[in-house]
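Below is one structure, written out as structure tokens; the observations come after it.
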Amino acid sequence: MNQTIKMKGNFDGAAKLFDFIRSGDSRRWGTIQKRFFSQLQGKILYVGIGTGQEIVNFPPGLDIVAIDISAEMLKRAQERISNYPGNMTSLIMDAHNTTFEDDTFDMVLTVCVLCTVEKPVEVLEELKRVLKPGGKLVSFEHVQSQNPLFAWPLYLMNFLSLKLTGTSLIRDTAKNIRLAGFDLFTDANVYLDIVKMFTSRKPEN
């Protein structure tokens with residue numbers, strides 16, 4: 001089965017329970033996300049909106065295009081999208097191959113996406129393509145731990161996580177960001193070194 005179709009099926013199937021599963025994370029990270037997302041400005045691409053749980057943490061008045069591979073997730077996000085005090089539209093789209101023109105967006109936001117997509121470097125290269133020169137990539141992500149006390153348990157859990165959700169627990173996202181050609185200039189821990197905030201920039205030329 002094509003991996004993209006499998007992932008879409010996984011997320012369509014999980015949509016009903018997604019808010020319940022992620023409710024703890026939403027409470028835990030809300031204040032941190034509000035501070036982190038305060039840098040968002042200009043025309044923004046929000047990749048992997050899911051059910052839109054993070055929208056409540058956005059500053060008002062933004063101009064956002066939100067994409068997700070799952071129609072069921074987007075359906076459940078519509079009320080939050082409608083209630084956002086700014087301009088937000090949504091599209092069903094695969095982040096590996098978007099339909100946007102080059103140099104379209106001022107900023108791109110990912111939240112727990114780069115641990116889930118099939119080919120993270122290819123996705124990052126695609127996001128760099130649609131960013132304007134000098135544009136920012138803002139990422140709030142699960143990542144590989146560099147601490148052996150956490151790394152080994154996560155490594156052992158990774159097989160089950162990949163099988164059930166398609167989510168990897170052991171990706172070196174900082175390395176992938178650099179491999180895609182971004183300049184990574186902030187790398188901050190949120191929870192141990194397992195959840196991180198990254199801010200990167202597309203080179204000017």
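The values are calculated or read from the model by the stated rules, or taken from the named source; none is laboratory data. In this text, all values refer to a predicted model and were calculated from it rather than measured experimentally. Here the Cβ positions follow ideal geometry from the backbone for every residue, glycine too, while neighbour counts run over all protein chains shown. Just so you know, the surface numbers come from the protein's heavy atoms only, side chains and all, with ligands and any DNA or RNA stripped out. Shrake-Rupley method; radii C 1.70, N 1.55, O 1.52, S 1.80 Å.
May I ask you to say which residue of 137, 127 is closer than 23 Å to residue 50 by Cβ, at pLDDT 95 or above, of a type outside the set (Gly, Ala, Ser) and in a strand (DSSP E or B)? It would help to see each step written out before you state the result.
On the way: 127 fails: in a strand (DSSP E or B).
Of the residues listed, the single one that is closer than 23 Å to residue 50 by Cβ, at pLDDT 95 or above, of a type outside the set (Gly, Ala, Ser) and in a strand (DSSP E or B) is 137.
Within segment 143-153, is there a residue that is crowded, with 21+ Cβ neighbours inside 10 Å, modelled with pLDDT of 95 or more, closer than 29 Å to residue 56 by Cα and not aromatic (Phe, Trp, Tyr)? No, that holds for no residue. Does any residue of segment 117-125 turn out to be in contact with a strand residue (DSSP E or B) (Cβ under 6 Å, 6 or more places away or on another chain), closer than 18 Å to residue 186 by Cα, surrounded by 14 or more Cβ atoms within 10 Å (Cβ to Cβ) and touching a residue at least 24 places away in the same chain (Cβ under 8 Å)? Checked against the condition, which is being in contact with a strand residue (DSSP E or B) (Cβ under 6 Å, 6 or more places away or on another chain), closer than 18 Å to residue 186 by Cα, surrounded by 14 or more Cβ atoms within 10 Å (Cβ to Cβ) and touching a residue at least 24 places away in the same chain (Cβ under 8 Å), segment 117-125 yields no hits at all. I need the full set of residues from segment 75-124 which are more than 16 Å from residue 64 (Cβ to Cβ), of a type in the set (Asp, Glu) and not in a loop (DSSP other than H, G, I, E, B), in order please. Hit for segment 75-124 is 122, nothing else. Filter segment 53-111 for residues that are surrounded by fewer than 17 Cβ atoms within 10 Å (Cβ to Cβ) and of a type in the set (Ser, Thr, Tyr); which is nearest to residue 133 (Cα to Cα)? Looking at the filtered set, the residue picked out is 104. Taking first residues from segment 191-203 that are free of Cβ contacts under 8 Å to residues at least 60 places away in the same chain and partners that are among the hydroxyl-bearing types (Ser, Thr, Tyr), the Cβ contacts under 9 Å between residues at least 6 apart in sequence or on separate chains come to 192/145; 193/145; 194/145; 196/139; 196/173. For segment 172-179, the count of residues that are touching a helix residue (DSSP H, G or I) at 6+ places or on another chain (Cβ under 7 Å), more than 30 Å from residue 75 (Cβ to Cβ) and open to solvent by 60 Å² or more (accessible area, probe 1.4 Å) is nonzero.
Restricting to segment 168-190, and then to whatever is in contact (Cβ under 8 Å) with a residue 40 or more places away in the chain and of a type in the set (A, V, I, L, M), can you tell me which residue is farthest from residue 147 (Cα to Cα)?
180
Could you check segment 126-142 and list, in sequence order, the residues that are touching an Asp or Glu at 6+ places or on another chain (Cβ under 9 Å) and open to solvent by 20 Å² or more (accessible area, probe 1.4 Å)? Reasoning before the result, please.
To start, the set of residues in segment 126-142 that are touching an Asp or Glu at 6+ places or on another chain (Cβ under 9 Å) comprises 129-136, 140.
Selection gives 129, 132, 133, 136.
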